[in-house]
Amino acid sequence: MADSAPPAAKVEVSGRRARRRHGRKGKVRPAPADTPDARVAGSRPHPTSATPRENDRALSPPRISPVVAEAPRASPASPHAGEGDGGTVAGAGAAVFRPAAARHGVYRQSYAAIDLGTNNCRLLIARPSGENFTVIDAFSRVVRLGEGLAQTGRLSDEAMDRTLAALRVCADKLMRRNVHLARSVATEACRRAVNGTDFIERVRGETGIALDIISAREEARLAVLGCHVLLEAGMGPAMIFDIGGGSTELVLIESTDTVPRILDWQSVPWGVVSLSESCGSEGATREERIERYRHMHGLVAESFAAFARRTQPARESASSTGPLRLLGTSGTVTTLASLHLELPQYDRSAVDGLIVPAESMRAISARLSGMPIEERRELACIGRERADLVVAGCAILEAILDLWPAGRLGVADRGIREGILRSLISAGGHGAGARTSAAGRA
């Protein structure tokens, strides 16, 4: 399913950083306290080998010099469509770069992945740990890069400035860690914006980070590679989806003994930001809010129609042999899973790998769709940053549940970044059992 060999960039460390490395060998600095992913860094490293579990309750830092060096130029975006190609999730491997430390027998290198989406900027830095990896640093910030894109077709100056501030944080972390290989990708907002490539060049000039605008096809592949280990056990067809800020990817897979085989896939230009902005204001009354929600659901369902027809035989085949399997990775599903658990605040360890009844997710979606934004802001695990977008995510999720009516939904707080890391480590891992198979198995 991969388009072409994923571009990787060797991280060039400045003289100042290289000297510091000898004095602070192996020391881990925790992620900042205001970082949503802080709990997975520093003192609580975690291997990414979790398996699904059932819920028994019913079910602006200082400016730095450039860090990331050359990466191949971004390829043109593919259209929002998909077709079965019989490929595996793993795809092609990244090129291997061996730094000076490796030539001298030091294999403590780390790997980094940056995922710049329409709504969020996310970074993950990890070290190989056997056939998996252990996270040593992470960062996530809501930047809303695609804000206003549906109306203007351009990235706004304010959105680009917010995003650059977040990417400077990422660049600083790359410089402070012993990063061996890094891949940085940009998705739907930069694919759609007429000034998307200009912004990529600005990022490169101001931060040194070489972002690659990946196709929707590659975005879907990486998301599956990063989270498929959380899919419930079973053979035969299953569905994995990723609800983003500017697009949603659906991937029909067939489980195998290693990585899943991709049977079909679809990307539609509806994400939580693009759908929210396209459907206007919420309205002053409950009836108006519910009507807006129905309109959102209808738009998404219509865009899924061709894919639903293509995957109907696989759905019927899967349902004849056992329960349908469904796994979602996105802020929408992790937020709704948190509400299902009634968590006082978001807890990744409780959500990642959770199995939730589909009817519970539908009930939560229905409740949120008629709720005023002021009330949504007061709900734990939603807050101000997601209050205006979560309703669109609910509409997309319900359309997916209509298309693939599984009784249970697997929840993954992992995706593109983890998929990138698995690809990089598979291609560049060496020493102390760090090498993984070319298939990028879990």
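Observations on the model:
- Rounded to whole numbers, the Karplus 3J(HN,Hα) couplings from phi for the stretch 252-260 are 8, 10, 10, 5, 10, 6, 10, 8, x Hz, using 6.51 cos²θ - 1.76 cosθ + 1.60 with θ = phi - 60°, and x at Gly and Pro.
- For the stretch 230-412, a simple Cβ point-charge model (Lys and Arg +1, Asp and Glu -1, everything else neutral) yields a dipole of about 180 debye relative to the Cα centre.
- Principal axes of the stretch 159-220: Cα extent on each, largest first, Å: 33, 26, 15
- With neighbour counts taken as other beta-carbon atoms within 10 Å, the residues M371, M239 rank, fewest first, as M371, M239.
- Tensor-based shape of the stretch 328-427 (alpha-carbon gyration tensor, a/c under 1.5 rounded, otherwise prolate or oblate): prolate
- Once the Kirkwood radius over Cα pairs is known for the stretch 230-412, the Stokes-Einstein relation at 25 °C and 0.890 mPa s delivers a diffusion coefficient of 148 µm²/s.
- Which of C121, C381 has the fewest Cβ neighbours within 10 Å, and the rest in rising order: C381, C121
- Sequence-distant residues sharing a close amide H with A406 (under 5 Å, placed H): none
- Arranged from fewest to most other beta-carbon atoms within 10 Å of their beta carbon, D161, D388 become D161, D388.
- Karplus 3J(HN,Hα) series, Hz, for the stretch 113-118 with 6.51 cos²θ - 1.76 cosθ + 1.60 (x for Gly, Pro): 9, 10, 10, 9, x, 5
- The stretch 230-412: relative contact order as a whole-number percent, Cα under 8 Å and 6+ apart: 29
- Hydrodynamic radius of the stretch 182-247 per Kirkwood, over alpha carbon pairs, in Å: 13.8
Read-outs: derived from the displayed coordinates by stated rules, not from any lab. Just so it is clear, the structure is predicted and the values come from calculations on it, not from any experiment. We place every Cβ from the backbone using ideal geometry, glycine too, and count neighbours over all the protein chains shown.
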